[in-house]
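In what follows, a structure is listed as structure tokens, so that the remarks can point back to it.
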Amino acid sequence: MATVLSVSGSPSASSRTNRLLRHLDDRLIAQGHEVIPLDVRTVPADALLGADFRHPAIVEAGELFARADGVVVGTPVYKASYSGVLKALLDLLPQYALTGKTVLPLATGGSTAHVLAIDYALRPVLNSMGAAHIVQGWFTLDRDITAHEDGSVTVAPGAAEALAQVVDQFSLALGAHVPVLAAAG
């Protein structure tokens, strides 16, 4: 199956965005994919803010992008756009780091006023980086994501169904066989 890089653009370790991505990673793993998580918040700030293209963490991130067949990019929405830490990382990657890749953009936020951030802020950047195919993205309201103390997450039924559909479409775009039971759950 495919290798998927799952990129969390949240600056917080306990964020709903990060937990939601790791929850969706499990679905992709169940479908037979190798999933590599990348939490941008773990990349040293001095490398990101100092635009240190040669920093080992930046080089490693570039190698992870190069290795992946597909990329899931998740971000909280701040001021109608994706997070600054995600922007900083994307700016340090090679211009065409997504060439030949299938990409799934995801966003979370507190208001439906930010639902278009995927199409008007994130998608153009992913496209400019050469993504071969950007599948339908999805915006999930913060209130539909319940983070538990053990690190797990529960997604409200309507949002969970929509997320399952976009993840399954992404998986199919990667060329995977999606089991009927996984697609229904």
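The values are calculated or read from the model by the stated rules, or taken from the named source; none is laboratory data. On a predicted model such as this, the values are computed, not experimentally measured, just so you know. Here the Cβ positions follow ideal geometry from the backbone for every residue, glycine too, while neighbour counts run over all protein chains shown. In case anyone asks, the SASA skips ligands and DNA or RNA and just uses the protein heavy atoms, side chains included. Shrake-Rupley method; radii C 1.70, N 1.55, O 1.52, S 1.80 Å.
Place a +1 charge on the Cβ of each Lys and Arg in segment 72-150 and a -1 charge on the Cβ of each Asp and Glu, then give the dipole magnitude about the Cα centre in debye, rounded to the nearest 20.
For this selection, approximately 320 debye.
Does a label point 7 Å from the Cα of residue 148, set along Cα-to-beta-carbon, have any residues of segment 1-21 with amide nitrogen under 14 Å, and which are they?
Under 14 Å, as judged by backbone N against the label point of residue 148, lie 20 of segment 1-21.
In segment 15-106, which trypsin sites (Lys or Arg not before Pro) are in a loop and have at most 16 other Cβ atoms within 10 Å, using DSSP for the loop call? Write out the running numbers ahead of the final one.
On the way: sites: 16, 19, 22, 27, 41, 54, 67, 79, 87, 101; in loops: 54, 79, 101.
When the trypsin sites (Lys or Arg not before Pro) of segment 15-106 are filtered for loop state and at most 16 Cβ neighbours within 10 Å, 54, 79 remain.
Roughly how big is the chain's charge dipole about its Cα centre, with Cβ charges of +1 (Lys, Arg) and -1 (Asp, Glu), in debye to the nearest 20?
Roughly 320 debye, rounded to the nearest 20.
Under a 10 Å cutoff between Cα atoms, tell me which one of 137, 175, 109 has the largest fluctuation in the Gaussian network model of the chain.
Maximum fluctuation in the GNM of the chain, among the listed residues, is at 175.
For the chain, which whole-number percentage of the solvent-accessible area (1.4 Å probe, protein heavy atoms only) is attributable to carbon and sulfur atoms?
C and S atoms contribute 55 percent here.
Just in segment 60-134: which chymotrypsin sites (Phe, Trp or Tyr not before Pro) are loop by DSSP and have at most 14 other Cβ atoms within 10 Å?
96
Identify which of 71, 40, 135 has the largest mean-square fluctuation in a Gaussian network model of the chain, with springs joining Cα atoms closer than 10 Å.
Of 71, 40, 135, the most mobile in the Gaussian network model is 135.
Measuring with a 1.4 Å probe in the full set of protein chains, what accessible area per residue, in whole Å², belongs to the chain?
On a per-residue basis, the chain sits at 47 Å².
Do you know the relative contact order of segment 1-128, to the nearest whole percent, from alpha carbon pairs under 8 angstrom that are 6+ apart?
Numbers: 214 pairs, mean separation 37.9, N = 128.
Averaging sequence separation for qualifying contacts and normalising by length gives 30 percent for segment 1-128.
So which helices of the chain fit the span-like rule, where a helix is a whole DSSP H run, its Cα atoms reach 20 Å or more along the axis, and its mean Kyte-Doolittle is at least -1.0?
Helices meeting the span and hydropathy rule in the chain are 16-30, 157-173.
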